[in-house]
Amino acid sequence: MGWLGSLVVIILICIVGIVWYFVHLIAQGFTVQYKDEQDFVSDQLRGLLGVDDIQPSSYRPTVEPQYLSGIVDLIETSISGLWLAQFLYMVLLLFLFFLVVDIWFIDYPFSFMFNAIIGAITVMLFAYYVTSTNSKSLTRALIQSQFSKEESFGYMYQSGFAIVSLLFSLLFGMYVLMYYFNVAVWGGDMKKEEYEKVSILMIGFLMGMILGGFIYREGISMMCRSLKTASFGLIRADLNLSVGNNNISQLTRLAYMVSQQAGNAIVNYLDTGFVLVFLCCAISQIVINSSEILDSKNKSAFIMGPIYLICIGYLGSIICYFLKTMCADQETGSFAALNVRWQVIIAALISFIIHVSFPFSFLIDKFTLKGENTKDIDFAGKSSMHACWCYLLGLIFNILHISLFEWYTSHGCPNVRNMGLATSDRILPMNLIYSNYLGDLFSAIPAILMFLLISIVYSIEGFAGLLFAASGYISLFIIYGVIFFIGCNSSDSYKLTCFAHFISDVQGKIFQIYWEAKNYMVFLKATNAGTAFLVSIGIIGAQLYQYPTALNSLFIHNEGFLGLFIGFSLMFVCRGINIWGIINVAKSYFIFQPSDEAQGKLNYLKDIRIIEFTKFKFTHSMLYVAYNVLFVTIIILMFGSILGHAGSVAIMIGACIATFLIQYNGLIKGTTLENSRVYNEIQDNRKDHHYLMYVSGDTYACATEESNACPLIPYLIYSFCLLISCQKHFAKAEK
């Protein structure tokens, strides 16, 4: 298939994905503007709330549909109310980037900035639609659960599939549009110099996405993690939020629900989008070093290869969509687990069939990767068959990785259960010590497998093989994204059923899905972390092609050692600033309000108060995000100018290694803490005394930071984009 055929396939699939999302919205009534949304939700939920199962001590308003619908509407309104602040912050960040970095350090400041603005707008659009969809789907899943857990599971699957369809269609569609726009305007004859400019401009598109992500991802992420930490940490030891104890103030409940609703989905979906576009930009960077590719008429198809494969994979995932409840059995307790596992198996088989049926026909038959000023540090004459093997190996190792992560962190794992039982008995130091032990121990095997994969694919296809392996490694992200949404939505819905005292039948169905799907949310997180590492090494290889010595001689000089140290330390300092911000923002919450015994110990809040409260906390969180962005930018520009090209490549290597170590250890440790808390919650609900909240300030605060939203993927990609786009300036400074 020539470049035109590949382009037609990509465009058609992107259109299908966007149409699929909006058809889902229309079918679910999301686009209808009801005169009173609270009345609409109230009518829908009226049959799901019972009186017989309510605790005698519960205050009456917590069981009224109108009261519950007001809470749900307030959650959505408080998050949606941030849009103006987010937009203004994004405009300010882009303007400052243009003044401080773009004009002084990048050769094509205005065209680069134009691409960055388009990237930021793309992230803004995606964040808006995900937030609105996720908010409304909270109650829709509960409404479906009154029929059967298959209906509720199927609805969550539909919503997740629609969001992931929008994710890849919007991001890839805009990437392809901007690529051909840049080629038409600035590409010229598409010789090496012109194509190098186009590749830098596409880095600008990714840079804009990351800058927008600092607002729409990191701002929300820090706000929600601090809300979670404060909500749990400030609840007294004898109170248990999960059973609806009314001694907890209304503001605490609202803050808890807002943090649950807004945090997870947008953070991890945007990470997936960043990694996908990062992969596309890496392909553009590495083909600069191949004269065969640049001289070929098929070069555009080669560059669009990862997008083409993912678009073909999307067609295969539609088969999974129609098999979403293939293991339907009302009597089976592991209903959700069986369906999730079969989804992964079927998706992997479909990906393999696609990989065999469409054998990388978009590739150049044989190509050599070699820069003008370098020795032969890579392999010559590699064919498309070698790329196929790299893709397949990436797929296989991804399945191995997610299986290990799921086993190490699930509440079915004996180690996780033991930690849950230990915290249940109030052995407070045990959870942190045990989680550190598990994080260090269990992250070793996935790390060894990752380095084994790198060694194999490098021997097959050199640094280019790493990018083909990354394409295979992330090829199942559509299914993982759907599974992640099921876990996130069922978790939020279950907490709402406990909060508002739903009838036991509805609560039980939601709980079964939540209890099982919680274990599989790690699939998407682990895949994002592993793919970012593979793509990072591929980009480092592309930079080494332009450096006059090979990798083994990079650290002979002081610049290499100092750059390695700077890059390694950079990511740890970023993480430290993030933790510092969460602690300070969480400590500043005044969540407990004076209670009034005559009013059932509940504190009523007007809409304006919680909305203004959320806006203030978002602004407070953005302050610490600004500290992090400012620190990374100054360090990279300063040391890049001092150390030159060699030092900047060493900074990339150090940052890549540090992020890999932190991500894998954090995923194991944090997810283990979370799932042990879930196990602990269930065990404590079977006892006379509830110990859950006693350990939550210790356990869950750490779990939230370590696992839910590890902040390093956007900072890693931002560092790479900054180093690559300023590389010519660094080289001039070195001379």
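Length gained on full extension, residue 11 to residue 619: 215.0 nm, using 0.36 nm per residue less the C-alpha separation.
For the ranges 461-467, 308-314, what's the packing order if you count other beta-carbon atoms within 10 Å of each residue, average per peptide, and put the highest first? Each step should come with its number before you reach the end.
Working: 461-467: 26.7, 308-314: 22.6.
Highest to lowest by the protection proxy: 461-467, 308-314.
Rounded to the nearest whole Hz, the Karplus-based 3J(HN,Hα) values (6.51 cos²θ - 1.76 cosθ + 1.60, θ = phi - 60°) of the range 441-458 follow the sequence 6, 7, 6, 5, 5, x, 5, 4, 4, 5, 5, 5, 4, 4, 5, 5, 5, 5, with x at glycine and proline.
Find how much the distance from residue 444 to residue 505 grows on full extension, using 0.36 nm per residue of separation minus their present alpha carbon separation; answer in nm with one decimal.
Details: separation 61, 0.36 × 61 = 21.96 nm, distance 4.25 nm.
Stretched out fully, the residue 444 to residue 505 stretch lengthens by 17.7 nm.
The label-point distance for residue 100 and residue 451, in a model that sets each label 7 Å from Cα toward Cβ, rounds to 3.6 nm.
In the context of the full set of protein chains, the range 449-547 has a per residue accessible area of 16 Å² (1.4 Å probe). Cross-linked pairs 587/617; 149/228; 518/615: Cα-Cα separations exceed 23 Å for 149/228; 518/615. One decimal place: the segment residue 345-residue 642 gains 101.9 nm when fully extended, by the rule 0.36 nm per residue minus the C-alpha distance.
Modelled label positions at residue 18 and residue 186, each set 7 Å beyond Cα in the direction of Cβ, lie 2.3 nm from each other. Taking label positions 7 Å along the Cα-Cβ direction at both residue 297 and residue 630, the computed distance is 5.5 nm, reported to one decimal.
Using the Karplus relation 6.51 cos²θ - 1.76 cosθ + 1.60 with θ = phi - 60°, the per-residue 3J(HN,Hα) values for the range 287-301 come to 6, 4, 8, 10, 5, 5, 6, 5, 8, 8, 6, 9, 5, 5, 5 Hz, with x marking Gly and Pro. Surface composition of the range 263-311: carbon plus sulfur atoms contribute 49% of the solvent-accessible area (1.4 Å probe, protein chains only, all chains present). Global dimensions of the range 106-155 from alpha-carbon coordinates: Rg and Dmax equal 19.5, 61 Å.
The values are calculated or read from the model by the stated rules, or taken from the named source; none is laboratory data. The structure presented is a predicted model; accordingly, all values stated were derived computationally and were not measured. Virtual Cβ from ideal backbone geometry, glycine too; neighbours counted across all protein chains shown. The protein model used for the area step is the full one, side chains on, heavy atoms only, and it has no ligands, DNA or RNA in it. Shrake-Rupley method; radii C 1.70, N 1.55, O 1.52, S 1.80 Å.
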